[in-house]
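The values are calculated or read from the model by the stated rules, or taken from the named source; none is laboratory data. Since we're looking at a predicted model, the values are computed, not measured. Heads up, the Cβs are rebuilt from the backbone with ideal geometry, glycines too, and the neighbour counts pull from every protein chain shown.
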Amino acid sequence: MSAPAYKRILLKLSGEALMGRDAYGINRETLAGIVDEIKAVAAMGVEIGVVIGGGNIFRGLAGSASGMDRATADYVGMLATVMNAVTLADAMRQADVAVRVQSALNIEQVVEPYIRGKAIRYLEEGKIVIFGAGTGNPFFTTDTAAALRGAEIGAQIVLKATKVDGVYTADPKKDPSARRYDRLSFDEAIGRNLQVMDATALALCRDQRLPINVFSIFKPGALKAVVLGEDEGTLVHC
C-alpha cells in the first residue's frame, strides 16, 4: 500500500452529510458509511481531527430569518454541532475507533472543553478528535472553525467533505456543461466566488498556507484517495 501523503489532517463534515437522503436528522446507514471511511484512513496511521456542522438539525441563518436574534440562533446551531459530534463519536466507538470529543462551549457533563495541547496529545496517541460548537463564537461558520482548528493542531491539509466531487464552474445539477476544477489557487477561489468555503476560512487557510481539498464523502474510497495524494476532488492551494 502506498504511504499517506499527509500525517495529520482536519476533516470538515457538514451536518447535511449525515442526513443521507433524509430530510433532516441523522441517517444511521449514512453515518456508518462515513465512520467506515474515516476508520480506513485512521488504520493507515493518519492523525485525524474532525469539525462537524449542525445544518441537519438547525441552521442559524434560517432561524435568524424567521425572527430569531442572529447570535442566539448561532448558539443554537453550535449546540446542534455538539449533538452531531457526540453521535458521530458514539458510532466510532461502536466501530472500535478510539475517539474524543472537545467542545468550544463548556458542556463538561457531556464533552470535554477544547484544549489545544490535549487535542494534539490525543492525535499523537492515535485517537480521532472531533471538535464541536464551531469556534464558540456567533457569526463564524464551521468552515472557519475547520480552518482555525486545522491551523491550531498543525494539520497539513483541510479536507472538506461535500455532496459533490469537487469545485465546479457552476452547479453541476443545474448546468450539464459545468466543469470540475482539478486545482485552484486561493486567490482564484476567492476572486471567482466559488463557494469553496466562506471568505474568512479561505483567507485564514491562505495566510497559514494550509491547502484545502474538496471531495465527495459519498464516493466510496474518496477520502482514502485524497489522503494518499491521488487526483481526487479539487485542491485549493497557495
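Quick notes on this structure:
- Meets criteria (among the small types (G, A, S), modelled with pLDDT under 95 and farther than 14 Å from M92 by Cα) for G45: no
- Flag if A170 is crowded, with 24+ Cβ neighbours inside 10 Å, more than 16 Å from the chain's Cα centre (by Cα) and modelled with pLDDT under 95: no
- Complete set of residues in segment 1-23 that are surrounded by fewer than 23 Cβ atoms within 10 Å (Cβ to Cβ) and within 17 Å of V86 (Cα to Cα): S14, E16, M19
- Number of residues in segment 178-198 that are assigned to a strand (DSSP E or B) and within 16 Å of L159 (Cβ to Cβ) equals 2.
- One residue stands out in segment 213-230 among those that are of a type in the set (A, V, I, L, M) and farther than 8 Å from E37 by Cα: the one that is surrounded by the fewest Cβ atoms within 10 Å (Cβ to Cβ), namely A225.
- The number of residues in segment 112-125 being more than 19 Å from the chain's Cα centre (by Cα) and in contact (Cβ under 8 Å) with a residue 60 or more places away in the chain comes to 1.
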